[in-house]
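In what follows, a structure is listed as structure tokens, so that the remarks can point back to it.
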Amino acid sequence: MLSGKQLRRVAIVGYNRIPFARQNTAYANAGNKDMMTAALGGLIDKYNLAGKQLGEVAGGAVIKHSWEINLMRECVLASSLDPKTPACDIEQACNTGIESAVYIANKIALGQLDCGIAGGVDSTSNVPLVLNEHIRSILLSVRRSKSTMDKIKKLLQINLKDFTPIAPMNIEPGTGLSMGGHTEYTAKYYKISREDQDRFSLESHQKMASALDRGFFDDMITPYKGLLFDNNMRRDSSIEKLAKLKPAFDKENGSLTAGNSSPLTDGASCTLLASEEWAQQNNLPILAYITHAEIAAIEYIQNKHNLLLSAIYAAPKMLKKAGMKLQDFDFYEIHEAFAAQVLATLKIWESPELTKEFGLEENLGAIDRSKLNVNGSSLAAGHPFAATGGRILATMAKLLNEKGSGKGFISVCAAGGQGITVILEK
């Protein structure tokens, strides 16, 4: 596929998202297509892309209706991009936004594309509701029946409780536990205290409020349905208020609460990637380069405490390929699914003993935590599953562009015991 060409450098040249909204608030009546099209529209307007044919648009949603089988293509057709712009759906749980960016970046590096958009969207408010298995099997058998009497007999097997709709559940099929349920195991196993979790969460809200006040987000967000910014961020949060919240998953002995866990959220984001040549031709700044990425997975059925810790495997692989140490970065962006998951990851990286439990020879060491999630992250912004990656990529690209140089380390955990790490450089 290279045709003798050298790999090209891939730049992030633009970004946009809509404000993130807590479940069943501002976007209760908005669907995936509505939100993704709005995020794309803001990107198109910002970078004068109307009428242009781009190489490809890739992205997706974790929670989808059955009719959203071609979601990103439908969003392209609903936008002002040239309709000849192709699109595809990608889904890898919370990794979706970044995995989509890696997909587009690899095609640009290989010379297959000159530019593309990576995106992600999720609605936890406007979710698909399905019938239970009993009534579904009856209705399918009715379709196969040849006689009217046979159809009637089968229909008479339906009872009232069969009409109770079933919403998608945020659980791991192999364990029956939610991500929060798994992270309770994480907090207990790695001895992450409730106080440390609450303090970490409070700092996320404080840092995001500070970044908002200094205008960091001004060019990153398109207002949507009356929201100007994420409605999950709490300026009035405090350690005292967080301490009063009851455990959300383990009601008796738990330490995870609504305050130190990211909430169910609606939203969409997208990033514009390009070759250096295309960026120059279109007078767009090179904010940062995507230079390395590593995907990993971890066993979590037997080791329930490790569901969201696959970065323990991804990070050392990526750093070895890049010839870098964990301490070589100017900024770190670690997705805050739960405060306990971030703190456990940092603790394992710092501990030779814990690192050996994962079969790794060396621990990565401690990072300068003043460089971590400097503008707040998912605990404050919220976490619309597929949209979080785009928000994090945009934040890191802007941080490096403002600094004018440097390296950024990104880590995102995901359901299914998967995760991805990425390096951006300026």
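The values are calculated or read from the model by the stated rules, or taken from the named source; none is laboratory data. Since the model is a prediction, treat every value here as computed from it, not as a measurement. Cβ sites come from the backbone with ideal geometry, for glycine too, and all protein chains shown count toward neighbours. With ligands, DNA and RNA removed, areas are computed over all heavy atoms of the protein, side chains included. Shrake-Rupley method; radii C 1.70, N 1.55, O 1.52, S 1.80 Å.
From its DSSP helices (H runs of at least four residues, each -39,500 (n - 2.57)), the chain gives a residue-normalised ellipticity at 222 nm of -10500 deg cm²/dmol. Candidate membrane-span-like segments in the chain, meaning DSSP H helices with Cα atoms spread over at least 18 Å of their own axis and a Kyte-Doolittle mean of -1.0 or above, are 32-46, 96-110, 388-403, with no membrane implied. Each of 239, 319, 208 was scored by the projection of its Cα onto the charge dipole of the stretch 183-326, and the greatest displacement toward the positive side belongs to 239; charges sit on the C-beta of Lys, Arg, Asp and Glu. Our coupling estimate for the stretch 291-308, obtained by passing each phi through the Karplus curve with A = 6.51, B = -1.76, C = 1.60 and θ = phi - 60°, is 10, 8, 8, 9, 9, 8, 9, 9, 6, 9, 6, 6, 9, 4, 6, 10, 3, 9 Hz, Gly and Pro reported as x.
For the stretch 322-366, the convex hull drawn through the C-alpha positions has a volume of 92 cubic angstrom per residue.
Rolling a 1.4 angstrom probe over the stretch 261-350 with all protein chains present gives an accessible area of which 49% lies on carbon and sulfur atoms. The stretch 395-413 and the stretch 339-357 have Cα centres spaced 23 Å apart.
Where does the Debye-calculated log10 I(q)/I(0) of the stretch 10-159 sit at q = 0.10, 0.13, 0.14, 0.17 Å⁻¹, using only Cα point scatterers of equal weight, no solvent? Normalising to I(0) and taking log10 leaves -0.47, -0.66, -0.72, -0.92.
Averaged over residues, the count of other Cβ atoms within 10 Å places the peptides 248-261, 150-163 in the sequence 248-261, 150-163, highest first. Heavy-atom accessible surface of the chain, averaged per residue, reaches 43 Å², computed with a 1.4 Å probe. Residue ranges 225-235, 109-119 sort as 109-119, 225-235 when ordered by packing (mean number of other C-beta atoms within 10 Å per residue, highest first). Only beta bridges with both residues in the chain are counted; by DSSP, about 75 percent of them are antiparallel. Per the Cα gyration tensor, the chain maps to an equivalent ellipsoid with semi-axes of 34, 30, 22 Å, ordered largest to smallest.
Checking the cross-link pairs 107/426; 188/398; 161/225 against a 26 Å limit on the alpha carbon distance flags 188/398; 161/225 as lying beyond it.
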